[in-house]
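These notes concern the structure reproduced below.
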Amino acid sequence: MNNIIEAIKHKILILDGAMGTMLQRYNFSEEDFRGERFKDYPSSLKGNNDLLSLTQPKAIADIHRQYFEAGADIVETNTFSGTTIAMADYNMEFLVDELNYESARIAKEVAQEFTAKNPNKPRFVAGSIGPTNRTASLSPDVNKPEYRAVTFEDLRIAYKQQAKALIKGGVDVLLVETVFDTLNAKAALFAIEEIKEEDNINIPIMVSGTITDASGRTLSGQTVEAFLTSISHIPLLSVGFNCALGAEQLFPYLKRLSYETEFYTSAHPNAGLPNAFGEYDESAAEMQSYIEEYLKEGLINIIGGCCGTNPEHIKAIAEVAKNYQPRKAGNEILQPKI
């Protein structure tokens, strides 16, 4: 069970909770984000959470540590915005290789520390690959429906750079997450397949989409089934949903996904829906009760939390998940469909 492909066959794996929620507790100032290295940088850097892997690495390691202590089997790297496309907001495209490598290295170091303490519970690192802040399928200008702010090729290049650095840093699996536009995700998957072929490696891939509202569709308009069809040509470790909805609201879409796919399944929902102030009020106990419904139905192989969740939520999820068997997948790892 020393690799994630073996571990997922035997138990429900626990993913960590939100990185951003935990970083907010530190209340880092602009100076904290800058650190000594970037103290004279011309752009404002507050809010660039990925940069904290370089300027506040102890805090990032401590957050990973708290999630592992809560029972997580997998932590995500602090790289949700780790592409040149997203880093352009801070004029920090030049840091992408270092940010991803260091974030992966920090997480892997903590994972190895916990695995060494308890070899019967190996800990893993998922390289977080976010959706970027642009969409390849939709125009940002309602007056120019044909316009695109980014191309498939732009995304492929950016994702390839990020994925290569994450792999070099030691991640166990790549997580293409919070997918609101499947064309963006397909660019990421294409880039990863290129790396696998060029470097002769076979790193597992997780894909996690996001259902944006009660219509049950992604932002680019796909249903659960259409989303799944769009990505099932790749041999994935798992497919699932995260963000946008709480565990209760996500249930029917996860159920549909679970019945349609032969891949392993994942979910890391928000701690309920945001309140009027954009904050999340759902307690760990409330979230645990909703997620137990997933477990009773046998829908899940990997479960964790997204926005608003913290180690208390993950501990509650881990406590209930140990009482249930993982969902049975069609095959261990599927070959691409012909």
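The table that follows gives values for the structure above.
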{"item": "Test set (1) in contact with a strand residue (DSSP E or B) (Cβ under 7 Å, 6 or more places away or on another chain); (2) crowded, with 22+ Cβ neighbours inside 10 Å - Gly82 fails condition number", "result": "(1)"}
{"item": "Phe94, sole failed condition from (1) within 17 Å of the chain's Cα centre (by Cα); (2) within 22 Å of Tyr159 (Cβ to Cβ)", "result": "(1)"}
{"item": "Residue satisfying condition, being loosely packed, with under 15 Cβ neighbours inside 10 Å and in a helix (DSSP H, G or I), within set Glu153, Glu102", "result": "Glu153"}
{"item": "Extreme residue, farthest from the chain's Cα centre (by Cα), among residues of segment 56-69 that are outside any loop (DSSP other than H, G, I, E, B) and either surrounded by fewer than 21 Cβ atoms within 10 Å (Cβ to Cβ) or among the charged types (D, E, K, R) (or both)", "result": "Lys58"}
{"item": "Long-range neighbours under 6 Å by Cβ, at least six apart or interchain, first residue within 13 Å of Ile300 (Cβ to Cβ) within segment 313-327, second part of a loop (DSSP other than H, G, I, E, B) and aliphatic (A, V, I, L, M)", "result": "Ala321/Ile12; Pro326/Ile12; Arg327/Leu299; Arg327/Ile300"}
{"item": "Of residues in segment 1-31 being touching a Leu at 6+ places or on another chain (Cβ under 8 Å) and touching a residue at least 24 places away in the same chain (Cβ under 8 Å), the one nearest to Ile303 (Cα to Cα)", "result": "Ile12"}
{"item": "Top-ranked residue of segment 138-183 - restricted to ones that are within 18 Å of Glu194 (Cβ to Cβ) and of a type in the set (Ser, Thr, Tyr), ranked as nearest to the chain's Cα centre (by Cα)", "result": "Tyr159"}
{"item": "Residues (surrounded by fewer than 14 Cβ atoms within 10 Å (Cβ to Cβ) and assigned to a loop (DSSP other than H, G, I, E, B)) located in segment 112-132", "result": "Asn118, Pro119, Asn120"}
{"item": "Any helices (runs of 4 or more DSSP H) falling wholly within segment 223-338 and containing at least 2 residues that are under 22 Å from Val125 (Cα atoms) and under 19 Å from the mean Cα position of the chain (by Cα)", "result": "311-321"}
{"item": "Segment 113-127 residues that are basic (Lys, Arg), paired with ones that are surrounded by fewer than 18 Cβ atoms within 10 Å (Cβ to Cβ) and not in a strand (DSSP E or B) (beta carbon under 9 Å, 6 or more apart)", "result": "Lys121/Met1; Lys121/Thr115; Arg123/Gln112; Arg123/Glu113; Arg123/Thr115"}
{"item": "Verdict on Lys144 being modelled with pLDDT of 95 or more and loosely packed, with under 15 Cβ neighbours inside 10 Å", "result": "no"}
{"item": "Count of residues meeting criterion [touching a residue at least 40 places away in the same chain (Cβ under 8 Å) and in a helix (DSSP H, G or I)] in segment 70-99", "result": "11"}
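The values are calculated or read from the model by the stated rules, or taken from the named source; none is laboratory data. On a predicted model such as this, the values are computed, not experimentally measured, just so you know. Don't worry about glycine lacking a Cβ; one is built from the backbone with ideal geometry, like all the others, and counts go over all protein chains shown.
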